[in-house]
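Structure record follows, encoded as structure tokens.
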Amino acid sequence: MKTEIKVSEKAGGADLQGATLSDAALVLYFVSPDYVDAAAYVAALRKAYPKATLLGCTTGGEIAGQEALLSTAVSSAVRLEKSRVEAAMSEISGQAQSYEVGCTIGRKLNKPDLKFIFILSDGLMVNGSELTRGFVETVSSDVIVSGGLAGDGARFKSTGVGLDNAPKSGVVAAVGFYGDDIQVSYGTFGGWQKFGPHRKITKAEGNVLFELDNKPALDLYKSYLGPEADKLPGSGLLFPLCIRASENDNHEIVRTIVGIDEETKSLIFAGEIPEGYVAQLMHGSVENLVDGAEHAAESALKKFTGATDDALAILVSCIGRNLLMGQAVSNEVEAVKNVFGDAAVIGFYSYGEISHHAVSGKCGLHNQTMTISLLTEK
């Protein structure tokens with residue numbers, strides 16, 4: 001397997017000259033919502049890689065090499081020597097369709113030699129938990145599934161996904177990797193710290209949280225945010241929610257706010273918020289989040305059976321981590337790169353991360369985590 005990373009800062013991909021993998025089978029691209037002329041950029045990718053499937057999305061920040069970037073477009077062309085890829089997509093118009101869309105795409109990709117699926121989804125029209133469940137329930141249990149929800153910086157207005165075209169809203173797409181020569185592993189870790197009392201989720205429906213300890217969830221968040229409450233939902237990224245079935249359950253899931261409803265005093269999250277679960281607020285520091293990213297990389301490397309010098313590491317980290325770390329956000333990418341050495345690194349900051357859980361191994365939607373897929377061919 002050969003890879004080629006390109007970073008474009010010029011409008012419409014005017015700086016993509018010099019691409020050498022013209023026979024690439026796949027190009028993953030991640031483009032800032034502030035990048036000028038995404039359609040022309042994708043057209044430039046098609047010209048540079050005429051045989052490739054092009055899969056990409058909008059972001060809350062881009063990742064290439066050992067840097068976290070803003071207002072750019074990044075791509076990784078992948079040439080496969082012994083394996084193949086196939087892609088599928090579906091449109092989605094609301095969260096109620098999430099599970100069925102996951103099932104539909106999963107069925108299209110599900111073949112006997114499927115080894116890995118990478119998913120990109122609209123970040124605002126989907127219940128990421130249900131989407132992931134649809135994929136997981138339609139493919140073999142030994143298939144690794146990862147990906148993320150497209151971003152729109154901290155605006156939460158419009159996100160997009162593109163399969164062989166520019167990103168547009170209301171799209172879910174995925175690529176499957178096939179063949180016995182594909183080697184893939186995963187790592188996921190947060191680094192956020194829980195604080196405050198355990199609170200029971202007393203009223204919730206799907207991914208909407210209405211009450212904690214019988215009190216309006218939105219009012220609780222506003223009390224912690226103080227003056228920053230006026231900047232919700234973006235400011236809520238600094239206080240994610242840790243949920244688990246009980247106080248003693250070690251299968252913890254982190255959830256991030258993607259919207260609010262002032263009328264019902266509710267919070268809308270990227271994934272499922274089960275009623276009856278226990279919740280705790282979380283906060284973070286740059287040092288802890290960088291340590292978490294390094295831990296995720298070490299976990300992926302420990303499970304990896306291939307060589308890293310020709311491997312591709314796909315990083316999907318959370319927009320909340322980007323906002324908290326600010327100018328220091330490249331530190332977490334550099335920490336990952338240091339673990340992987342010569343591996344090619346690409347990725348984006350998302351509204352939700354799809355990966356297998358570090359403890360249980362179950363695939364699900366995460367928030368506020370660094371998730372990594374490390375792959376190569378034998």
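Couple of notes before you dig in:
- Helix 38-48 and the longest principal axis of the Cα set of the chain meet at an angle near 30°.
- Pairs of lysine residues in the range 2-140 that meet both criteria, 8 or more places apart or on different chains and Cα atoms under 19 Å apart, total 10.
- Computed helical MRE - 222 nm, the chain, DSSP H runs ≥ 4 contributing -39500 (n - 2.57), nearest 500: -6000 deg cm²/dmol
- Crossing angle, helix 286-303 versus the chain [Cα axis fit, 0-90 degrees, rounded to tens]: 50 degrees
- Computed over Cα pairs, the Kirkwood radius of the range 193-261 leads via Stokes-Einstein (0.692 mPa s, 37 °C) to a diffusion coefficient of 257 µm² per second.
- Amide H contacts of Ala25 (H built 1.01 Å from N, under 5 Å, at least 5 apart or other chain): Val78, Arg79, Leu80
- Share antiparallel - DSSP beta bridges, the chain, percent rounded to 5: 80 percent
- Here the residues Thr59, Thr256, Thr104, ranked from fewest to most Cβ neighbours within 10 Å of their Cβ, fall in the order Thr104, Thr256, Thr59.
- Cβ charges +1 (Lys, Arg) and -1 (Asp, Glu), total dipole of the chain, debye: 420 debye
- Count of lysine pairs in the range 157-245 with Cα separation under 15 Å (8 or more residues apart, or interchain): 5
- Computed from phi, the 3J(HN,Hα) profile of the range 100-114 under the Karplus parametrisation 6.51, -1.76, 1.60 (θ = phi - 60°) reads 5, 5, x, 5, 4, 5, x, 5, 5, 8, 6, 9, x, 9, 5 Hz, with x in place of Gly and Pro.
- Size descriptor, Kirkwood hydrodynamic radius, that averages inverse alpha-carbon separations across the range 1-74, Å: 12.2 Å
- Within the shell of other residues whose beta carbon sits under 13 angstrom from the beta carbon of Asn331, the net charge comes to -4, with Lys and Arg scored +1 and Asp and Glu -1.
- The range 1-149 gives an Rg/Rh value of 0.98, both radii derived from C-alpha positions and Rh following Kirkwood.
- Report note on the peptides 261-271, 21-31: ranked by the mean count of other C-beta atoms within 10 Å, highest first, their order is 21-31, 261-271.
- Taken one residue at a time, the phi angles of the range 175-180 give Karplus couplings (6.51, -1.76, 1.60, θ = phi - 60°) of 10, x, 10, 10, x, 6 Hz. Gly and Pro are set to x.
- Between the range 18-51 and the range 179-256, the Cα center-to-center distance that results, in Å: 35 Å
- In terms of overall dimensions, the range 313-359 has a Cα radius of gyration and Dmax of 11.3, 31 angstrom.
- Candidate cross-link partners of Lys378 among the aspartates and glutamates, defined by an alpha-carbon separation under 17 Å and a same-chain spacing of 8 or more, comprise Glu81, Asp113, Asp180, Asp181, Asp309, Asp310, Asp342.
- Directionally averaged projected area (the chain, Cα convex hull): 16.4 nm².
- Size descriptors for the range 150-296: radius of gyration and Dmax over Cα atoms are 17.5, 55 Å.
- When the range 269-346 is reduced to its Cα atoms, the Kirkwood hydrodynamic radius in Å: 14.3 Å
- Relative to the Cα centre, the charge distribution of the range 193-283, modelled as +1 at Lys and Arg Cβ and -1 at Asp and Glu Cβ, gives a dipole magnitude of about 220 debye.
Throughout, read-outs are computed from the coordinates displayed, never taken from laboratory work. Worth saying up front: this structure is predicted, and the values here are computed from it rather than measured. Because the Cβ atoms are built from the backbone with ideal geometry, glycine has one as well, and the counts that use them run over all protein chains shown.
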